[in-house]
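Here the structure is laid out as structure tokens; the discussion comes afterwards.
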Amino acid sequence: MTITDLVEDDIYTMAHYWNGRKREFIEAPTEAFAQIVRPSVYFEEDPDPLLEGQVSATFSEWVLFDCRLDERGTLLERYISEQAAVVPRERLGRLAQVAATHVFSEFAIASKNPAAGTLEVVDIYDGMSREVLDVRSARRDDWNHGTISMRIARVNGVWLPVGKTVMYDRCRFDPAWIPIEDEMGTSGGRLLMLAHAVFGVDGRYHGSLSLRALE
């Protein structure tokens, strides 16, 4: 398995664990997400299934990676500390790297290498440049000069996507704009701000959203 496959399986296993225990914690974050994001699908009688699925995926990503339910930390951090006796050491090691390095941000595409499946991206908030292993995004012909909002983490020396919220803005980005003022300052805040803008019933970009499944 590739490092991408391994980490994807690690995160799926962690998410599956918490999904079976969601009654213990789900009420408060569900209410907070609904109040902040105000997803349009929550107000529609017959919502678009693809949009409904993406809203659900974004909520799950925020709960797992960003939402600190109590002093024990995020669900990702709790899984690493509380399941150390039963989860394979290699898996815990990769997840610990994810927990220590993950960031959700908006990245300007500086260059692409479709053959290698990599992107050179620049965080628009701090100007940090990273090479990201992301085969699906690197090989999309129509994702070239804009920005990608996504969550990435560095595992075994490789930056790669670790979330299910991936948004491309085709507007050409001018590097001279970096750094952009970061109103939220945290990955969780950025994700919620984007979710409201894109999915919110009164969101700025809701009317222009074009949603498709990444192959």
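Across the Cα atoms of the range 97-165, what radius of gyration and what greatest pairwise Cα-Cα distance (Dmax) are found, in Å?
Looking at the range 97-165, its Cα Rg and Dmax stand at 11.1, 32 Å.
Would you compute the Debye intensity of the chain from its alpha-carbon atoms alone, equal scatterers and no solvent, and pass along log10 I(q)/I(0) at q = 0.18 Å⁻¹ to two decimals?
Values, matching the q order: -1.46.
Given a 10 angstrom Cα cut-off, can you work out which residue in Gly189, Gly93, Gly157 is the most mobile in a GNM of the chain?
In the Gaussian network model the winner is Gly157.
Subtracting the Cα-Cα distance from 0.36 nm times the residue separation, let me have the gained length for Arg130 to Asn19 in nm, one decimal.
36.8 nm
So, R0 is 22 Å and r is the distance between the beta-carbons of Ala100 and Asp5; what FRET efficiency does that work out to, to 0.05?
Between Ala100 and Asp5 the formula returns 0.60.
Most fluctuating residue of Met150, Met128, Met14 in a GNM of the chain with Cα springs under 10 Å: which is it?
Looking only at Met150, Met128, Met14, the largest GNM fluctuation is found for Met128.
What number comes out for the charge environment of Ser40, summing +1 per Lys or Arg and -1 per Asp or Glu over other residues with Cβ under 11 Å away?
Neighbourhood net charge equals -3.
Filter the chymotrypsin sites (Phe, Trp or Tyr not before Pro) in the range 124-215 to those in DSSP coil with at most 16 other Cβ atoms within 10 Å of their Cβ, and list the result.
Answer by residue number: Tyr205.
Please work out the FRET efficiency for the pair Ala116 and Glu71, using the Cβ-Cβ distance as r and a Förster radius of 41 Å; give the result to the nearest 0.05.
Approximately 0.45, to the nearest 0.05.
How much length is gained on full extension from Ala84 to Asn156, taking 0.36 nm per residue of separation minus their Cα-Cα distance?
24.0 nm
P(r) for the range 25-139, please, calculated from all Cα pair distances in 10 Å bins and given in %.
11, 27, 34, 25, 3
Dipole size in debye (nearest 20) for the range 81-215 around its Cα centre, Lys and Arg Cβ +1, Asp and Glu Cβ -1?
520
From a point 7 Å beyond the Cα of Ile36 in the direction of its Cβ, which residues of the range 133-149 have a backbone N at a distance under 19 Å?
Answer for the range 133-149: 149.
What is the spread of the Cα atoms of the range 67-134 along each of their three principal axes, largest first, in whole Å?
Here the Cα extents, ordered largest to smallest, are 42, 27, 13 Å.
Among residues other than Tyr205 whose Cβ falls under 14 Å from its Cβ, what is the net charge (Lys/Arg +1, Asp/Glu -1)?
0
Determine the relative contact order of the chain: mean sequence separation of Cα pairs under 8 Å and six or more apart, normalised by residue count, in whole percent.
Once divided by the residue count of the chain, the mean separation gives 23 percent.
Taking the range 47-98 on its own, what percent of its Cα-Cα pair distances exceed 14 Å?
61
Rule-based calculations on the coordinates, nothing more; no lab input. This is a predicted model, so every value here is computed, not measured. All Cβ positions, glycine included, derive from the backbone under ideal geometry; neighbour counts span all protein chains shown.
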